[in-house]
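Some notes on the structure that comes next.
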Amino acid sequence: MPQQPSNAPQFVGVTGAPAESGVDLLFIPIFGRQDTLEDVPGAAAAAGGELRRAIEAGEFKAAVHETLVVAVTGGGWRARRFVFLGAGDRAEIDAERARRLAATASYAARQRASTSVGFVARGLAPAIVADGLSAAEFDGGTYRSDRADRPAFPARVEIIVPGGDAAGVSAEVRRGRIIGQCANVARELANEPGNVLTPRTFADRISTVARDAGLAVEVLDEERIHALGMRLLMAVARGSAEPPRLVVLRHDPPGAPSAPVLAFVGKGVTFDSGGISIKPADGMDRMKDDMSGGAAVAAAMRAIALLGGRHRVIGLVPTTENMPGGRAVKPGDVVVGASGTSVEIINTDAEGRLILADALWYARQLGATHIVDVATLTGACIVALGRYVSGLFGRPAEWVDTVRAAAVAAGDRVWPMPIYEEAAEEIRSEIADIVNAAGRPGGAVTAAAFLERFAGEGAWAHLDIAGPAWAETKQPHQPKGATGVAVRLLTQLAMTGGSQAAT
C-alpha cells in the first residue's frame, strides 16, 4: 500500500470504552426518541441529562441527520463534547444510511474545526463508518482564494467498537478508509473544470492514481485508437482540439483464477457541449462531470488493488471532449465502429454511448467474461428514477441480480430497468445498422439497447448514473457537487469476484 503523507488524517479502530476517548467531539448515534443508550453506559449521565431534556422539550427529535451538541460534564468521560446524532429507527439502518450518518458527523466535525473526532459505532459496521467519516476530507472549493482559511479535516478519527476484536476492527477501518478515500478521488476528478481536466490530463491523472496502487496501466493515444478501428470514439473527438485517449487498467493478482475476468467500462467525456446538437446554455457548466463514470471506474480499480482483490479485473476509460468544431461529426453521418456495426448518428449529444460502444467491444477483445459499464448517459433516466438512484440494465438476469446485490451491500442505490424487445426495433436505421438516438420516449431504455449491441457474448450490465453522480442541493451528508457514485458498488462486486461471476 502506498505510504500515507505524514500530515494525513489518522483513522484508528478503538475497542476500549467510549469514556476513555479524549477527543474533541464524540458522536453517538441515537436510534429514536426512546433510545436509552444502554450499550453506552454513563453517556446520558455525563451529558448532564441534556439529551433527555432536549427530547422531552422537542428540541431534539432524533430525526435522521439531526444533531445535538452537549458539553461533557463528568462521570470520568474524557471527551470535550458529545454530539448526539439522529439515526432514525434501528430496523431501517442499511449500508447507505449508516455511511450517510457517518458522513454527516464528518462534515459537522469539520465545520467545528475539531482536531479529533470519535464515533461510537453502536452496531454499525466499522468499515462503513470509516468510509462515511472520510467524506469531508474532500473539499470541493479547490480554486477558492480563501481555501487556506477553511476549517481543516480532523487530524485523528476514532471508530469506537467497545469490546470488539482489535485486529478485526482495525482491518475493517482500513477497508472503509480505502474505499472512502477512493470515492473522494472520483469526486475530485469530477469536480475539476473542463479547461483543467482535458482528456490527456484525465488520462494522466488516472494513470498516476492507478500506478500508485500497483495497477498496470496502458494509455492508447489517437493513433492506436485509430489503428484499432474505434471510429465511434474518434467521431466524437473530431470536433475538439483535444485528442481522445483510452485508458486501460489491469488488476491481475498472482494466483488469480482464469475466470471470471471482470471489466468495468466508464464514460469519460471531460466536457460535453452536445456537439452540433448543442445543449442549452442553462446548466451546460455541469457537463464537466460527464466523465463521472470514468472517474468511478478508475477510483474503484485503485480500491480493488489496495484491498488486495483476488480476481482479475480490467478497467477501461474512453475519454474525449464533445465539441461543435468545424470537423465535428454531424447529425445524419454514418460511422462504423470497431465491432463492424454501422451507426447513423441522429443526435451528436448522444455521444456517450458511441465511445462506450468501442470500449465495450475492446473489453471483450481483452478477455472480459463479465462487464459493467458506468455512465452519466441519459436525462431520461433522471426523469424515470429521479436524482438519487441509478438505472440498472443488463443480461442475463442472474448477472443483473448479482450487480444489484453488490449495490445493496455497498450502499449505492440502483433500480432494475427493462430492455424490452421493441427497443431493438426503435433503434433500427434505414441506411445503417442502428441509430444512436431514438427520441424521448424510453430514452434510457433505447440507450441501453444500443449499448447491448456492442456488449458481445457474455454477461453485461449497464449503470446509468446521470441522476446521482452530482448532488444538486446541499445535504447534511453531502454538499452540492460530485458524489463518487458507483465506486463502492464496483469495488464490492470485484472483491467478491462478481459472487464468483453469478455461478
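The values are calculated or read from the model by the stated rules, or taken from the named source; none is laboratory data. Bear in mind the structure is a predicted one, so any value in this text is a computation, not a measurement. Virtual Cβ from ideal backbone geometry, glycine too; neighbours counted across all protein chains shown. In case anyone asks, the SASA skips ligands and DNA or RNA and just uses the protein heavy atoms, side chains included. Shrake-Rupley method; radii C 1.70, N 1.55, O 1.52, S 1.80 Å.
Mind listing the long-range amide H neighbours of Met291? Cut-off is under 5 Å, sequence gap 5 or more, other chains count too, H placed in the peptide plane at 1.01 Å from N.
Under 5 Å from the amide H of Met291 lie the amide H atoms of Val269, each far enough along the sequence or on another chain.
With the other protein chains left in place, how much accessible area per residue, in square angstrom, belongs to region 166-252 at a 1.4 angstrom probe?
Computed with neighbouring chains in place, this is 39 Å² per residue.
Hey, what do the phi angles of region 490-497 turn into as Karplus ³J(HN,Hα) couplings, whole Hz, using 6.51/-1.76/1.60 and θ = phi - 60°, x for Gly and Pro?
With coefficients 6.51, -1.76 and 1.60, one gets 4, 5, 4, 5, 6, 5, 9, x Hz.
Lys330: which lysines have alpha carbons under 24 Å from its alpha carbon, excluding same-chain residues fewer than 8 sequence positions away?
Lys267, Lys279, Lys288
State, as an integer percentage, the relative contact order of region 1-133 based on alpha-carbon contacts under 8 Å between residues 6 or more apart. Walk me through the numbers on the way to the answer.
On the way: 208 pairs, mean separation 42.5, N = 133.
Reported as a whole number, the value is 32 percent.
Calculate I(q)/I(0) for region 110-244 by the Debye formula, one identical point scatterer on each C-alpha and no solvent, and give its log10 at q = 0.09, 0.16, 0.18 Å⁻¹ to two decimals.
Debye intensities relative to I(0), on a log10 scale: -0.44, -0.95, -1.07.
Can you pull out the trypsin sites (Lys or Arg not before Pro) in region 411-503 whose DSSP state is coil and whose Cβ has at most 14 other Cβ atoms within 10 Å?
Lys474, Lys480
May I ask you to list the lysines whose Cα is less than 27 Å away from that of Lys61, ignoring any residue fewer than eight positions away on the same chain?
Lys474, Lys480
How large a share of the accessible area of region 111-189, in percent, is made up of carbon and sulfur atoms when the probe is 1.4 Å and the other protein chains stay in place?
Ligands and nucleic acids excluded, carbon and sulfur give 52 percent.
Return the whole-Å distance between the Cα centroid of region 457-479 and the Cα centroid of region 363-389.
Their Cα centres are 10 Å away from one another.
Taking N as the number of residues in region 292-405, what value does Rg over Cα atoms divided by 2.2 N^0.38 Å take?
That ratio works out to 1.21.
Filter the GluC sites (Glu not before Pro) in region 1-86 to those in DSSP coil with at most 13 other Cβ atoms within 10 Å of their Cβ, and list the result.
Glu38, Glu59
Report the accessible area of Lys61, computed with a 1.4 Å probe over the heavy atoms of all protein chains in place, in Å² rounded to the nearest 10.
120 Å²
Where the accessible area of region 374-433 is counted over protein heavy atoms with a 1.4 Å probe, how much of it, in %, is carbon and sulfur?
56 percent
Once ligands and nucleic acids are excluded and a 1.4 Å probe is used, how much of Glu158 is accessible, expressed in Å² to the nearest 10?
Here the residue's solvent-accessible area equals roughly 20 Å².
For Glu321, list long-range residues whose amide hydrogen, built 1.01 Å from N in the peptide plane, is under 5 Å from its own amide hydrogen.
Those qualifying (amide H under 5 Å, at least 5 residues apart or on another chain) are Thr270.
What base-10 log of the normalised intensity I(q)/I(0) is obtained for the chain from the Debye formula, alpha carbons as equal point scatterers, at q = 0.06, 0.09, 0.13 Å⁻¹?
-0.29, -0.62, -1.16
Whose amide H sits under 5 Å from the amide H of Val14, counting only residues 5 or more places off or on another chain, with H placed in the peptide plane?
Answer set, sorted by chain and number: Ile159, Ile160, Val161.
Quick one: work out Rg over Rh on the C-alpha atoms of region 126-189, Rh as Kirkwood radius.
Reported Rg/Rh, Kirkwood definition of Rh: 1.08.
At 222 nm, what helix-only mean residue ellipticity would the chain give, in deg cm²/dmol to the nearest 500, using -39500 (n - 2.57) for each DSSP H run of four or more?
So the helix-based figure for the chain works out to -10000 deg cm²/dmol.
Within the chain, what is the longest stretch that has no chymotrypsin sites (Phe, Trp or Tyr not before Pro) placed in a DSSP loop and near at most 14 other beta-carbon atoms within 10 Å?
144-387
As I understand it, the value is the acute angle between the Cα axis of helix 352-365 and the longest principal axis of the Cα atoms of the chain; what does it come to in degrees, rounded to 10?
That helix lies at roughly 90 degrees to the long axis.
With θ taken as phi - 60° and the coefficients 6.51, -1.76 and 1.60, list the Karplus ³J(HN,Hα) couplings across region 236-247 in order, rounded to whole Hz; mark glycine and proline as x.
Whole-Hz 3J(HN,Hα) from phi for region 236-247: 5, 6, 4, x, 9, 6, 8, x, x, 9, 10, 9.
Rg(Cα) of region 33-143 divided by 2.2 N^0.38 Å?
For region 33-143, the normalised Cα radius of gyration is 1.09.
In square angstrom, what is the accessible area per residue of region 417-467 with a 1.4 angstrom probe?
43 Å²
Around Ile431, what is the net charge, scoring Lys/Arg as +1 and Asp/Glu as -1 over all other residues with Cβ under 13 Å from its Cβ?
My count for the surroundings of Ile431 gives -3.
About the Cα centre of region 52-91, what is the dipole size in debye to 20, counting +1 per Lys and Arg Cβ and -1 per Asp and Glu Cβ, all else neutral? Before the final figure, lay out the partial values.
Numbers: 7 positive and 4 negative charges, 51 e Å.
For region 52-91, the charge dipole is close to 240 debye.
Averaged per residue, what accessible area in Å² does region 292-406 show with a 1.4 Å probe, protein chains only?
Per residue, region 292-406 has an accessible area of 29 Å².
So how exposed is Asp252, as accessible area in Å² (1.4 Å probe, rounded to 10)?
Per-residue accessible area (Asp252): approximately 100 Å².
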